[in-house]
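Read through the structure below, which is laid out as structure tokens, and then see the notes.
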Amino acid sequence: MRTIVLASSSPRRQEILSRTRLPFVIDVGDYDEDLSINLGPSELVVHLALGKVRVVASRHPDALIIGSDTVVAFEGVIFGKPHTSARAKEMLQALSGKTNSVVCAYAVLDTESGRVVTDTMEVRVTFRSLQEYEIDAYIATGEPLDKAGAYGIQGMGGIFIEKIEGDYPGALGLPLYSLMRTLKAEFGIDPFSH
């Protein structure tokens, strides 16, 4: 079977892909994610996912490289990772009691042929109304600082989520159903036949 390379340092993406029992290696390049590029959410995450796979492709001459990226979109604004407590608080206050979109894309690059397949998906996430002390306490955990939109559904941030519409693994950063469909249909990789 072809070598599968996950171009991601995300523990969530690694855990999601490991559910397939497909053997894979991790190779994280030094791709600089630039969220200021003037693209819509879907186009931006595809651009970033492609950047990630292209950075590591030269190190794997006969492999399938998988890269993924996720942003939160709310009222026409892209929410990346807040990095600071003040920005996290702004984001969480904006999302309180509202529905946002988690937009995720993946790219699969076949380094032997140069062929690339990408796909995007959107998950709608509805927050309950949050009180200020909850926001402050959540930020104090440090969890929201490195999460798109300042929340982690799989962590303590899940306490705030009233409803999720769409692919749950996609909301975590890797749309498993769509990725497995692509690997099987486009590259002949089937987790049930290895």
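The values are calculated or read from the model by the stated rules, or taken from the named source; none is laboratory data. Every value quoted in this text rests on a predicted model; they were computed, and no experiment measured them. Backbone-built Cβ (ideal geometry, glycine too); neighbour counts: all protein chains shown. Calculation scope for accessible area: heavy atoms of the full protein, side chains included, ligands and nucleic acids excluded. Shrake-Rupley method; radii C 1.70, N 1.55, O 1.52, S 1.80 Å.
Between VAL117, LEU92, SER18, the Cα set farthest toward the positive side of the dipole of the range 1-144 (charges on each charged residue's Cβ, about the Cα centre) is that of SER18.
With the whole protein complex present, THR120 retains an accessible surface near 50 Å², based on a 1.4 Å probe. Ordered by 1.4 Å accessible area with all protein chains kept, TYR31, TYR168, TYR138 run largest first as TYR168, TYR31, TYR138. Applying 0.36 nm per residue to the separation of ALA137 and ASP30 and subtracting their alpha-carbon distance, the gain on full extension is 35.2 nm. Stretched out straight at 0.36 nm per residue, the stretch from SER96 to GLU165 would grow longer than its current Cα-Cα span by 23.1 nm.
Using the alpha-carbon positions of the range 131-194, Rg (one decimal) and Dmax (whole number) come out as 16.5, 51 Å. Summarising the label geometry, the points placed 7 Å from Cα in the beta-carbon direction at SER18 and LYS184 lie 2.4 nm from one another. Put the Cα centre of the range 88-128 next to the Cα centre of the range 13-85 and the gap is 10 Å.
Counting only protein heavy atoms and using a 1.4 Å probe, the accessible area of MET180 comes to about 30 Å². Estimated purely from DSSP H runs of n ≥ 4, each contributing -39500 (n - 2.57), the mean residue ellipticity at 222 nm for the chain is -9500 deg cm²/dmol once divided by its residues. Put simply, the C-alpha atoms of the chain give a gyration tensor, and the ellipsoid matching it has half-axes of 31, 17, 14 Å, longest first.
Close lysine pairs were tallied over the chain: pairs 8 or more places apart or on different chains with Cα atoms under 25 Å apart number 13.
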